[in-house]
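**Q** Before I ask anything, let me first share the structure, which is written out below as structure tokens.
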């Protein structure tokens with residue numbers, strides 16, 4: 001997971017937390033596990049985060065910050081429409097999706113993200129929909145596709161549905177590629 005953070009210690013804590021959550025799951029990960037992985041004392045970790053829920057929320061926020069950059073860059077690249085959408089949709093999940101779907105605790109991490117960081121998820125999803133909407137506003141959309149903002153929301157909802165129904169990362173990637181091909185065809189009609 002690529003992490004944007006203001007200082008090295010915070011970044012180290014977040015990286016340690018991600019490794020611990022992936023290895024032990026959200027419920028079984030303790031602040032001691034995170035501190036140990038970061039090479040810090042537990043009180044030192046508490047100087048940066050009040051609890052593991054705050055750390056988890058910071059991880060979700062870091063994921064969305066990276067996804068926003070990566071999706072926007074993919075949409076602006078040269079290439080066919082299906083290639084740009086395919087890359088953008090792949091970046092929407094990013095390396096985090098692969099790590100979560102490959103973890104034995106992936107489902108628990110998905111559930112924890114909804115219960116612990118729902119506000120950060122809503123803000124992140126809205127921001128991603130905004131990136132897609134801005135990109136779509138630059139295009140002449142075929143009749144019947146809808147307005148740019150509505151279409152962007154459909155894209156995000158479809159990607160979320162794929163994430164929650166895929167049984168493996170390979171299945172997820174395949175369905176994301178199929179969605180990109182379908183959307184490219186609809187946008188070219």
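**Q** Just the residues that are out of contact with any helix residue (DSSP H, G or I) (no Cβ under 7 Å at 6 or more places or on another chain), in a helix (DSSP H, G or I) and more than 24 Å from residue 100 (Cβ to Cβ), please, taken from segment 150-189.
**A** Passing the criteria: 150, 182, 185, 186.
**Q** For segment 50-83, which positions are over 30 Å from residue 28 (Cα atoms), free of Cβ contacts under 8 Å to residues at least 24 places away in the same chain and over 13 Å from the mean Cα position of the chain (by Cα)?
**A** 73, 74, 77, 78, 79, 83
**Q** Would you say residue 91 is in a helix (DSSP H, G or I), more than 23 Å from residue 169 (Cα to Cα) and touching a helix residue (DSSP H, G or I) at 6+ places or on another chain (Cβ under 8 Å)?
**A** No; evaluated as a whole, the condition is false for this residue.
A short reminder: the numbers here are calculations on the coordinates, not readings from a lab. The structure presented is a predicted model; accordingly, all values stated were derived computationally and were not measured. Glycine also receives a Cβ, built like all others from the backbone with ideal geometry; neighbour counts cover every protein chain displayed.
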